[in-house]
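The values are calculated or read from the model by the stated rules, or taken from the named source; none is laboratory data. The model shown is predicted, which means the values in this text are computed figures rather than measured ones. Cβ sites come from the backbone with ideal geometry, for glycine too, and all protein chains shown count toward neighbours. Keep in mind that these areas ignore ligands, DNA and RNA; they rest on the heavy atoms of the full protein, side chains included. Shrake-Rupley method; radii C 1.70, N 1.55, O 1.52, S 1.80 Å.
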Amino acid sequence: MAEKLVEAGCRALMPWAAPIGSGLGVNNPYGLRSLRAHFPDIALVVDAGLGLPSQAAQVMELGFDAVLVN
């Protein structure tokens with residue numbers, strides 16, 4: 001799906017770390033790391049599932065460009 005979005009012209013992808021509102025943190029670090037490796041030139045923003053500042057730091061350490069928190 002991400003590949004199709006990029007092909008359609010998306011310049012940013014916003015995967016979840018965990019289900020919206022759960023605060024569970026990064027459920028699949030391998031998947032997020034793989035997404036970063038596959039799309040090195042696309043802005044990646046995690047936009048759901050974070051509940052602690054340390055979880056946001058973990059996402060940034062995985063190479064993401066930003067996190068969106070509410």
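What are the pairs with Cβ atoms under 9 angstrom where one residue, in the range 6-29, is on the phi > 0 side of the Ramachandran plot and the other, located anywhere, is open to solvent by 30 Å² or more (accessible area, probe 1.4 Å) and assigned to a loop (DSSP other than H, G, I, E, B)? Sequence gap at least six, or different chains.
Listed by first residue and then by second, the contacts come to G21/N70; G23/L50; G23/G51; G23/L52; G25/L50; G25/G51; G25/L52.
Could you tell me which residue of the range 59-68 is farthest from the chain's Cα centre (by Cα), considering only residues that are under 13 Å from R36 (Cβ atoms) and not in a strand (DSSP E or B)?
Selected residue: E61.
Conditions tested, residue by residue: (1) within 15 Å of A2 (Cβ to Cβ); (2) open to solvent by 30 Å² or more (accessible area, probe 1.4 Å); (3) more than 10 Å from the chain's Cα centre (by Cα); (4) at pLDDT 95 or above.
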site: G25; (1), (2), (3), (4): no, no, yes, no
site: L35; (1), (2), (3), (4): yes, yes, no, no
site: D41; (1), (2), (3), (4): yes, yes, yes, no
site: P53; (1), (2), (3), (4): no, yes, yes, no
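Across the range 60-70, what is the number of residues that are open to solvent by less than 40 Å² (accessible area, probe 1.4 Å) and more than 21 Å from M1 (Cα to Cα)?
Residues meeting the conditions: 0.
On the basis of being touching a residue at least 24 places away in the same chain (Cβ under 8 Å) and of a type in the set (A, V, I, L, M, F, W, C), does L68 make the cut?
Yes.
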